[in-house]
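> Quick one: the structure is below, questions incoming.
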Amino acid sequence: MTDKFAKLNEQSHIALRDWAKETVKQDLSKVKRTDILVSAGWTSTMFISPKSSGSTATEASWDFAKNAINSGFPKAAQDLISVSAKVAGDKTVNGQPRAYWMRQANAVLGDIKNQIARREQIEADIASGKQGADAKTRTAEDITYEALLDCVARIQKAESFKVDDVADFCQAINNLANQIDRS
């Protein structure tokens, strides 16, 4: 057996440094954007499809959110989303096909929902008398709920996932997650 060693070179140093820098920058940006949405009255349940149980989204707010998210994608990706799969054919944007770009709005909505839900849970804990580190403790129910939603997001981002109907499968996982009592 041959041992493998990581190269401890300048390129590795730069990649690790930039990874950390971008991760912290993204985390701080998510906190800022979460603050903006919460102060505008958005709740985590508004980031669940209005066709799903537990949703407080209206068709208008759901469409508004999806359209706003799609407007953040490259113009070529927006153009690809706007055509049928048949017209799009095998065209890609940044190496990703139409199917990838079609799923991204739901993945972003799920991420926003999770960010706001964490904030709501912490605020509820504080309101119930928990303080400091205790207010940030995540229950097994919360962790499982988030893991199931992350599972759905991962499936939706995949180029292909071997099940009969991906949408039905993801909906079944969402339904399972919504059965968890997180109160």
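> Of everything in segment 67-95, what is surrounded by 16 or more Cβ atoms within 10 Å (Cβ to Cβ) and either within 18 Å of the chain's Cα centre (by Cα) or outside any helix (DSSP H, G or I) (or both)? Give them in sequence order.
Those that are surrounded by 16 or more Cβ atoms within 10 Å (Cβ to Cβ) and either within 18 Å of the chain's Cα centre (by Cα) or outside any helix (DSSP H, G or I) (or both): ILE69, ASN70, PHE73, VAL93.
> Just a yes or no: is a residue in segment 48-62 of a type in the set (Lys, Arg) and under 28 Å from ASN174 (Cβ atoms)?
So far as segment 48-62 goes, yes, one or more of its residues are of a type in the set (Lys, Arg) and under 28 Å from ASN174 (Cβ atoms).
> Tell me the residue from SER55, SER29 that is within 30 Å of GLU123 (Cβ to Cβ) and not in a helix (DSSP H, G or I), please.
SER55
> While we're here: Tell me, please, whether a residue that is under 30 Å from ASP181 (Cα atoms), assigned by TED's automatic domain parsing to the domain that holds VAL108, surrounded by 11 or more Cβ atoms within 10 Å (Cβ to Cβ) and aliphatic (A, V, I, L, M) can be found in segment 18-37.
No.
> Pairs only if they're at least six apart or on different chains, beta carbon under 9 angstrom, first in segment 148-165 and assigned by TED's automatic domain parsing to the domain that holds GLN104, second of a type in the set (Ser, Thr, Tyr); list them, first residue then second.
Going by the 9 Å Cβ cut-off, the qualifying pairs are LYS157/TYR100; GLU159/TYR100.
> For GLY110, state whether it is on the phi > 0 side of the Ramachandran plot and outside the structural domain of THR34 (by TED's automatic domain parsing).
Judged against the criteria, GLY110 is not a match.
> Filter segment 111-129 down to residues that are surrounded by fewer than 16 Cβ atoms within 10 Å (Cβ to Cβ) and small (Gly, Ala, Ser) and give me whichever is nearest to ARG33 (Cα to Cα).
ALA124
> Out of VAL152, VAL163, I need the residue that is part of a helix (DSSP H, G or I) and either under 12 Å from the mean Cα position of the chain (by Cα) or surrounded by 12 or more Cβ atoms within 10 Å (Cβ to Cβ) (or both). Which one?
Answer to the check: VAL152.
> As an exercise: evaluate SER12 against (1) of a type in the set (Gly, Ala, Ser); (2) on the phi < 0 side of the Ramachandran plot; (3) not in a helix (DSSP H, G or I) and give the number of the one condition it does not meet.
(3)
The values are calculated or read from the model by the stated rules, or taken from the named source; none is laboratory data. Since we're looking at a predicted model, the values are computed, not measured. FYI the Cβ positions are ideal-geometry reconstructions off the backbone, even for glycines, and counts take in every protein chain you see.
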